[in-house]
Structures are given as structure tokens and as C-alpha cells.
Amino acid sequence: IRDSLQLVTKSMRSFTEAADIAEKKIQKKQTMKLLYEKLSKESNLCIMTKDFYRVDCGLIIERKPIFLRYDKEAMEHFRFRHFLLKKHNMNMALPKELLEFKEREIGEVKDDLDKLSGEEMGPTHEKKLDNGERIFYYGNSKSFFFSDPDMDDPHSIQYAGANSVYLLLKDKITGQWIFPTGLIKNKQSFLSARQDLFEKVSNNRWLVEHILNRPLTFDVRDLTKEEKSNPVHRKCKGVKTFYFLATQLLSLIHISEPTRQAEISYAVFC
């Protein structure tokens, strides 16, 4: 009888311990579920694709070429094309009034730029030519009148003036140079997400034009260690970022703080 009682007592103790463990697991699952629902409700984060990838939005912000340059081969091509058109009398005749125009003075252009860009316009550096003449450049201008053709500073808006360049931001956590990226909130459109992302980066202190309604490209990456620890991402397999094209308009670029992506640079992609 004594052995039977001990066996029953031991079995009951094991059953009680197993029940406690099961209850704790249930409580943990319920807590995680409530936390997930709370975070999702408060922040509307982690909109996912059907294959369980988080959807992010990215901006490819372009500065158009400032200078028009042709190499020797291109010029020879244009000369030969002009020669053929002239030889076969295929040049389009233009009315005389279309050929009559007055070239604007640099001072007139400068006045217009000052009105558009306000206090950000103004001479920032100068160069002295061999003949003693001094040329002033406006470091914040994208007009070829005032841009330095020899600018080699990748932080300048005038960098690589003969090419299209694209804004890159340095991620403070990974140290990588990336395009501006951000989360898309639940039930948010891509257009709204692009506007929110630009506002977060720029604080609306400068302007861009959002060009296309469809993504230009996309990439896929794994979740970072920090993202994996967030219960919101517990079902996510990774991140798909859809990049949209935008063109920089007026004003000097300012990067808003606080943000993970604060240091800027421009890059030329060939």
C-alpha cells in the first residue's frame, strides 16, 4: 500500500508539474499574441507579402546632369549626320522668328535663382585663372552658370556634373551606403509611403518630384538581428524593398535628425 501511495503521489506531482509547464506555455503564447496585436495596432507595422516578406519602400533620388558633354566620337557622329542631311537637302527649314532670340545675361539668371533658392544661393568658392580673372561658383546651385565643372567632392550637389547622380545615405548601424528606405504602414499606399519617407528624411526642407507610379526596381534581404528580436517580425522570412524614382528640385539637401541614415553622399552608376 505504501509503495502504491508513493507511486500515486509521484504521478500526481509529475502531472501537476506538467500542467504548470503547459499553463505557462499557454500564458506565454497569449502574452506574445497580445503584444503582437498591440504593436500592430499602435504602429501598423509589418505589412507582408503572400510569401511572408515584409514590404518596405525606398527612394532613388536623382540629380539630373548639369553640363552637356560629348566625347570626340559623338561629335564626329553629329558632324557626319549633319553632312548627310545637308547633302540630301533633308535639314528641316525653321521660320526666321524661331532663330531670333536674345541670350540672357548671367546677372539676370542669378537674380532669378536668388528668388527661387533664397538665402541658400550665394558664392561659396572661387577660382583664379592664369590671366588673373576670378570666377565665382555657387556651391548650392544646379545651374551650369554657377556650377564648378571640376567638383570632385561626393557630398556636393554639383558632383559629377556631366552625369546623373543619386543620393545615398549611410546607415549608422550597418555602416553601409544605401538608398533612403522606410517601413510601409498597414493599408498604406505606395505613394503615401513615399511621401512619408521623404518627409522623415528631409523634414520637407527641400523638394523632389515623384516620377513613376510603379517601382523602378526591388531587392530582397534577410532580417537583421535587431529585427528578428522584434515580435512583430516573428512570421517574416525577410524584407522586400521596392524602390521608386524621384528627381531633386529646388533647395540644398538637408538630412533630418534623428534618423539612422544621416550622412550623405552622391554616386554615379554606369
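Readers should treat all values here as calculations from the given coordinates under stated rules, not as data from a laboratory. Remember, it's a predicted structure, so these values are computed and weren't measured experimentally. Backbone-built Cβ (ideal geometry, glycine too); neighbour counts: all protein chains shown.
A few points about this structure:
- Cross-link pairs LYS50/LYS225; LYS170/LYS235; LYS187/LYS237 - those with Cα-Cα distance over 25 Å: LYS170/LYS235
- Between PHE52 and LYS240, the contour length at 0.36 nm per residue exceeds the alpha carbon distance by 66.7 nm.
- Rounded to the nearest 20 debye, dipole of region 123-244 from Cβ charges on Lys, Arg, Asp, Glu: 1020 debye
- Here the 3J(HN,Hα) profile of region 133-143, calculated from phi with Karplus coefficients 6.51, -1.76 and 1.60 at θ = phi - 60°, is 6, 10, 10, 9, 10, 9, x, 9, 9, 10, 7 Hz, Gly and Pro shown as x.
- Qualifying trypsin sites (Lys or Arg not before Pro) for region 43-85 [loop in DSSP, other Cβ within 10 Å: at most 11]: LYS50, ARG69
- Long-range amide H partners of LYS237 with built H, under 5 Å: TYR53, ARG54
- Simple label model, 7 Å out from Cα along Cβ direction - VAL232 to ILE173, nm: 1.1 nm
- Estimated inter-spin distance, HIS88 and ILE135, nm [label 7 Å along Cα→Cβ]: 4.0 nm
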